[in-house]
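Step one of this worksheet: look at the structure below.
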Amino acid sequence: MAAKKYPAKAHAIKVATHLSLLSPLHSGGPTALFVLASPQSRLWPFCDQSQPFRQNRYFYYLSGCDLPDCYLTYDTATEKLVLYLPPIDADDVLWSGMPKSIAQTKEALNVDDVKYVTSLDEDLATCGDKVVYTIESLTGPEHATYLSKLATAVESVTVADAHFMTALDEARMIKDSFELDLMRHASSISDNAHAKVMASATAATNETHIHAEFIYHSIRAGSKNQSYDPICCSGRSCSTLHYVRNDDEVMGRQLLLIDAGAEWKNYASDVTRTFPLSGDWTTEALAIYNLVLEMQISCEKAIAPGKSWDELHLLAHQIMIRGFLKLGLFTRGTEDEILESRVSSAFFPHGLGHMIGMDTHDTGGMPNYADPDPMFRYLRIRRNLQPGMVVSVEPGVYFNPFMIEPYLKAEDAYKGGEYIDQAVLEKYWDVGGVRIEDDVLVTESGSENFTKITKDPVEISKIIKSGQRV
Ligand code: GLY
Ligand code: MN
Ligand code: MN
């Protein structure tokens with residue numbers, strides 16, 4: 001039986017459907033032609049080394065092709081999807097081997113036709129009365145040349161048209177079963193790599209060792225690219241959200257936070273685990289860990305179609321405030337007064353999560369980074385959940401002086417510092433930070449968690465100690 005192919009054609013039809021709903025131009029008017037370029041292969045300036053290649057996500061979505069220097073066209077009237085490959089270059093064959101032929105590419109991909117790029121101009125010249133939609137996938141002079149070629153070939157070209165971009169983003173936001181299987185596989189590779197990291201923790205003397213362990217087990221499982229640069233921090237550095245130095249000695253530090261996700265065929269996973277380097281939790285670290293775990297599990301359980309992400313984010317803050325009152329980190333005020341002051345944002349400054357897909361921070365979330373409310377400013381999803389969305393659920397609690405001090409000093413817009421008990425806070429600086437992050441699919445009936453690596457603090461200790469050297 002032939003292997004299932006990446007559903008590029010179905011994606012093109014889906015984008016066209018969204019576009020026809022969004023744009024009056026296409027309800028009975030002229031039909032559209034999508035023309036997209038994949039990025040050019042490049043050398044680093046003044047250097048005989050090629051730059052790492054990352055396929056443009058929109059190009060991949062509409063073609064399933066992972067090569068540079070290609071083009072695609074999709075005609076919404078005839079529903080014909082055509083991929084254009086770069087012509088065979090003798091030098092390239094000498095150094096890099098023979099590329100796939102037209103026939104092999106046609107066999108491998110879910111497109112209607114495959115041609116060489118040399119046919120593109122002629123095909124465009126005969127495409128008739130169409131509105132051409134393209135995006136800025138090329139940069140610099142190559143983009144200008146490409147646009148002027150398009151402009152001479154067709155009546156009208158729109159670059160990054162707002163309706164077209166929305167159509168692409170909305171289509172990408174709801175994953176089909178083929179994409180979901182790719183994401184489940186990416187998650188399973190991350191699960192294994194995170195387990196290996198925990199088991200090797202006591203042997204690590206530097207954050208680099210943790211980073212290396214994760215990458216090693218990802219690559220062994222066939223994932224050569226990470227979804228993003230791994231974040232491997234220890235001690236007080238756990239309070240830096242996107243710490244990527246990953247090069248400090250870990251001796252004497254309480255916690256290690258690793259936020260790392262393997263990529264599988266251009267689809268991401270995004271997973272965070274936090275654990276004690278020795279296998280033994282300090283009282284303060286365990287208290288904060290259990291609080292973040294409660295925030296994480298409660299929000300994950302509440303995921304269902306129609307749920308407002310704002311409300312889930314608020315729920316995480318409410319649980320945190322209750323927990324801080326119990327621990328004595330907050331004092332005096334009521335839960336409502338503390339929530340109203342927004343001082344919980346000093347300790348949980350980011351959003352509960354984001355869409356995940358080909359990009360780690362995937363399309364469709366409709367964030368509002370200009371929101372005057374600090375609690376919602378960095379929330380990357382501002383809409384209700386729908387089946388087929390995959391979201392990260394990643395609450396965190398951090399003890400970062402840069403974030404907390406403006407509240408303690410009651411600077412400008414920073415309210416609620418009076419609710420923080422500074423004597424109690426002193427005991428928590430060395431915890432640094434805790435984040436727990438899973439990748440969750442919204443289903444018709446609720447949710448499916450793709451991330452299986454344990455987050456139970458007792459089990460985590462056991463795994464760490466199972467790897468302890470004697
Ligand atoms: N790894 C980046 C994030 O969690 O958003
Ligand atoms: Mn994330
Ligand atoms: Mn992450």
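The values are calculated or read from the model by the stated rules, or taken from the named source; none is laboratory data. Remember, predicted model here, so these are calculated numbers, not experimental data. Neighbour counts run over all protein chains shown; Cβ positions are idealised from the backbone, glycine included.
Quick notes on this structure:
- Taking each residue of segment 429-450 that is more than 11 Å from S392 (Cβ to Cβ) and looking for partners that are away from ligand 1 (no atom under 16 Å from the Cβ) and among the acidic types (D, E) with beta-carbon atoms closer than 9 Å, six or more apart or interchain, yields D430/E284; V431/E284; L441/E448; V442/E448.
- Of the residues making up segment 157-174, not a single one is within 16 Å of ligand 2 (Cβ to nearest atom), of a type in the set (V, I, T) and closer than 30 Å to L138 by Cβ.
- Subset of segment 422-464 [within 16 Å of ligand 2 (Cβ to nearest atom) and of a type in the set (K, R)]: R435, K455
- The condition of being within 25 Å of R322 (Cβ to Cβ) and modelled with pLDDT under 95 holds for only one of A423, A410, that being A410.
- Within segment 55-81, tally of residues that are part of a strand (DSSP E or B) and over 16 Å from L150 (Cα atoms): 2
- Residue tally, condition under 33 Å from the mean Cα position of the chain (by Cα), assigned to a helix (DSSP H, G or I) and either surrounded by fewer than 16 Cβ atoms within 10 Å (Cβ to Cβ) or β-branched (V, I, T) (or both), over segment 118-146: 5
- Only one of the listed residues (F402, F376) is touching a residue at least 60 places away in the same chain (Cβ under 8 Å), away from ligand 3 (no atom under 16 Å from the Cβ), more than 25 Å from Y61 (Cβ to Cβ) and not aliphatic (A, V, I, L, M). That residue is F376.
- Options F348, F330, F324, F275; residue that is farther than 27 Å from M183 by Cα and within 16 Å of ligand 3 (Cβ to nearest atom): F348
- R342 within 16 Å of ligand 1 (Cβ to nearest atom) and among the charged types (D, E, K, R): no
- Counted residues, segment 235-267 - those being among the charged types (D, E, K, R) and within 16 Å of ligand 2 (Cβ to nearest atom): 2
- Helices (runs of 4 or more DSSP H) enclosed by segment 161-264 - at least 1 residues per element that are surrounded by fewer than 22 Cβ atoms within 10 Å (Cβ to Cβ), touching a Ser or Thr at 6+ places or on another chain (Cβ under 7 Å) and not aliphatic (A, V, I, L, M): 162-173, 177-199
- Residue list for segment 87-117, restricted to those being of a type in the set (A, V, I, L, M), part of a loop (DSSP other than H, G, I, E, B) and within 16 Å of Y71 (Cα to Cα): I88, L109, V111
- Criterion (more than 16 Å from ligand 2 (Cβ to nearest atom), among the acidic types (D, E) and not in a strand (DSSP E or B)) met by exactly one of D371, D359: D371
- When Y84 is tested against (1) in contact with a Cys (Cβ under 7 Å, 6 or more places away or on another chain); (2) closer than 21 Å to L19 by Cα, just one condition goes unmet, and that condition is (2).
- Hey, P406 part of a loop (DSSP other than H, G, I, E, B) and surrounded by fewer than 18 Cβ atoms within 10 Å (Cβ to Cβ) or not: no
- Subset tally (residues that are away from ligand 3 (no atom under 12 Å from the Cβ) and within 11 Å of I231 (Cα to Cα)) for segment 247-265: 2
- Here F348 meets the list (1) more than 16 Å from ligand 1 (Cβ to nearest atom); (2) without any contact (Cβ under 8 Å) to a residue 60 or more places away in the chain; (3) not basic (K, R) almost entirely, failing just condition (1).
- When segment 215-238 is filtered for residues that are of a type in the set (S, T, N, Q) and more than 15 Å from ligand 3 (Cβ to nearest atom), the ones remaining, listed by number, are S223, N225, S234, S237.
- Residue ID - nearest to ligand 3 (Cβ to nearest atom), chosen from residues in segment 431-448 that are surrounded by 17 or more Cβ atoms within 10 Å (Cβ to Cβ) and not in a strand (DSSP E or B): I436
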